[in-house]
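Written below as structure tokens is the structure these notes are about.
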């Protein structure tokens, strides 16, 4: 019986191995997500030294909107997967007319559809929790002691900034896991073309995500701040514009 579902087994092994690699392995400290965690903390520390924090509140609002969008997307995926489970007969009939798609048994289709439902439910749970954690981060931002204009952040303000930064990091990690589930669901959908296609597509997606985490231009952009700045050009002698 397991031979019929080796594609699903391979999918979960690949997804699990990727999660361990980017979240729990010694290599995780070199990922794009971990680099952004540090910048989330820097953001909150800098926030503590500002007397006007409207921009910080706007950034928090933008994060909430993005998370809400993906939570809605995951919810639509749950509805689509549930619809697939309840309307398998016409879907299987349509797939049977396509040469390169797999026409497995109804039981296999039910199991595969249920797995898709679980993936989208997991993503929705992660997005929902991330949204809540961003709310907590906003509350901690508001609870951070004010700093007078031109003054230096007090120890109480910095302590509040550290708490808000830590909460923001946790929210970002939950969001990343929900987004990862959505990406991986594309590989899971490949089961419609057979178990081997499911494994190959999942490997391809895992490879793309590894590239984004370890070698993407986005990571290079973050690391560019560690390089020495080029010498400043003295333009004091430049002629005035007409």
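Determine which member of the set 66, 77 is within 15 Å of the chain's Cα centre (by Cα) and either farther than 30 Å from residue 211 by Cα or at pLDDT 85 or above (or both). Write out each step before concluding.
Working: 77 fails: within 15 Å of the chain's Cα centre (by Cα).
On inspection, the qualifying residue turns out to be 66.
Taking the criterion of being in contact (Cβ under 8 Å) with a residue 40 or more places away in the chain, surrounded by fewer than 17 Cβ atoms within 10 Å (Cβ to Cβ) and not in a helix (DSSP H, G or I), the residues of region 24-51 that qualify are 49, 50, 51. When region 139-152 is filtered for residues that are surrounded by fewer than 21 Cβ atoms within 10 Å (Cβ to Cβ) and either in contact with a helix residue (DSSP H, G or I) (Cβ under 7 Å, 6 or more places away or on another chain) or over 30 Å from residue 126 (Cα atoms) (or both), the ones remaining, listed by number, are 140, 143, 145, 146, 147, 148, 149, 150, 151, 152.
The residues of region 162-195 that are assigned to a helix (DSSP H, G or I) and modelled with pLDDT under 90, listed by number, are 189, 190, 191, 192, 193, 195.
For every residue, the table says whether it meets (1) more than 22 Å from residue 5 (Cβ to Cβ); (2) at pLDDT 85 or above; (3) buried (at least 16 other Cβ atoms within 10 Å of the Cβ).
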| residue | (1), (2), (3) |
| --- | --- |
| 197 | no, yes, yes |
| 203 | no, yes, no |
| 208 | yes, yes, no |
| 211 | yes, yes, no |
| 225 | yes, no, no |
| 230 | yes, no, no |
| 235 | yes, no, no |
| 242 | yes, no, no |
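The values are calculated or read from the model by the stated rules, or taken from the named source; none is laboratory data. Source: prediction; values computed, not measured. Every residue, glycine as well, gets a Cβ built from its backbone with ideal geometry; the counts of neighbours run over all protein chains shown.
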